[in-house]
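Notes to accompany the following structure.
Nothing in this text is a laboratory measurement; each read-out follows from the coordinates by a stated rule. Just so we're clear, the structure is a prediction, and the values are computed from it rather than from any experiment. All Cβ positions, glycine included, derive from the backbone under ideal geometry; neighbour counts span all protein chains shown.
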């Protein structure tokens, strides 16, 4: 699960609890202007074997996908449990990560808040 904070033109994504261990990240900060699109992830986004080259991270298909993945030459950050029923997808431009796929407490509220 990831908490989202807005501060000084930045959006800060903070993995909670053991997610810090699985993702090997305590925070990701991006300029608010870097967010291109936010949407609910497909309800089964956590299933499947191939998410990209994991560097570093943890992947147990259908259980846990967490960390940094190199996919089609671009970096993605994942923090999804199970199938990913509460996951959102944040598309970025001009940052290290092209995309964040993260579980959040209230996906609808997170999408609305980040889309403003």
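Values for this structure:
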read-out: Beta bridges per DSSP with both ends in the chain, % antiparallel, nearest 5; value: 85
read-out: Packing-based order for 26-37, 103-114, using average beta carbon neighbours within 10 Å, highest first; value: 103-114, 26-37
read-out: Mean-position separation - Cα centroids, the stretch 52-68 and the stretch 1-49, in angstrom; value: 14
read-out: Projected area, mean over directions - the chain, Cα convex hull, nm²; value: 6.3
read-out: For the chain: relative contact order, % (alpha-carbon pairs under 8 angstrom, 6 or more apart); value: 26
read-out: Ranking of 75, 53, 22 by count of other Cβ atoms within 10 Å, fewest first; value: 53, 75, 22
